[in-house]
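What follows is calculated from the coordinates using simple rules that are stated; it is not laboratory data. Just so it is clear, the model here is predicted, and its values are computed rather than measured. Note that we place each Cβ from the backbone using ideal geometry, even for glycine, and neighbour counts take in every protein chain shown.
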Amino acid sequence: MNSSRSDAHIFALRVYYEDTDAGGIVYYANYLRFAERARTEYLRMVVADDQSLLAEDGIAFTVRQCSVDYMSPAFLDDPLEVHTRFLEVRGASLRAEQVVKRKMDELVRLTVRLACIGDDGRPRRMPAALRSALSSSLNS
């Protein structure tokens, strides 16, 4: 999948000292944090924020599966972008592709499956309106 396309949601950030190890290189687990922030903002733009989903629909999204390919490091003070695209929406889950970039260089590529859960923590089908809104955001 080519995430440099203009149909991806783009979340900009900068690497701070707290994101790095002693050598000024971004600690590998922090890319998961960057991706989480970007997905949250994309979901907020498409449907609603996490608190509204829980309060109004009694649901939340949780990471069910994540695959990460680390290709090149990011460094202290680097401006980065996380490009997020939803690839698939199912009854109780959705799949996203996320690419962390520095300018045009792909640094990290993630494929994430999110599961929809109820306020009891058990799997739950997405309400039809939510599924429809997410489906309309699919980038083919």
Legend entry - Separation of alpha-carbon centers, region 57-135 and region 3-42, rounded to whole Å: 13 Å
Inset, instruction - Please identify the longest segment of the chain free of exposed trypsin sites (Lys or Arg not before Pro), where exposed means a DSSP state other than H, G, I, E or B and no more than 15 other Cβ atoms within 10 Å. - result: 6-89
Legend entry - Ellipsoid equivalent to the chain - semi-axes via the Cα gyration tensor, in Å: 28, 16, 12
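Need the full-extension length gain, ALA12 to ARG95, defined as separation in residues times 0.36 nm minus the C-alpha distance. One decimal, nm.
Details: separation 83, 0.36 × 83 = 29.88 nm, distance 2.12 nm.
The span from ALA12 to ARG95 would gain 27.8 nm if fully extended.
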Inset, instruction - Restrict the search to region 1-106; then list the chymotrypsin sites (Phe, Trp or Tyr not before Pro) that DSSP places in a loop and that have at most 16 other Cβ atoms within 10 Å of their Cβ. - result: TYR16, TYR27, TYR28
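Where does the chain land at 222 nm, in deg cm²/dmol rounded to the nearest 500, when only DSSP H runs of n ≥ 4 count, each adding -39500 (n - 2.57), divided by all residues? Don't skip to the answer; put the middle values down first.
Working: 2 runs with 26 residues, N = 140.
-6000 deg cm²/dmol, from helical runs alone.
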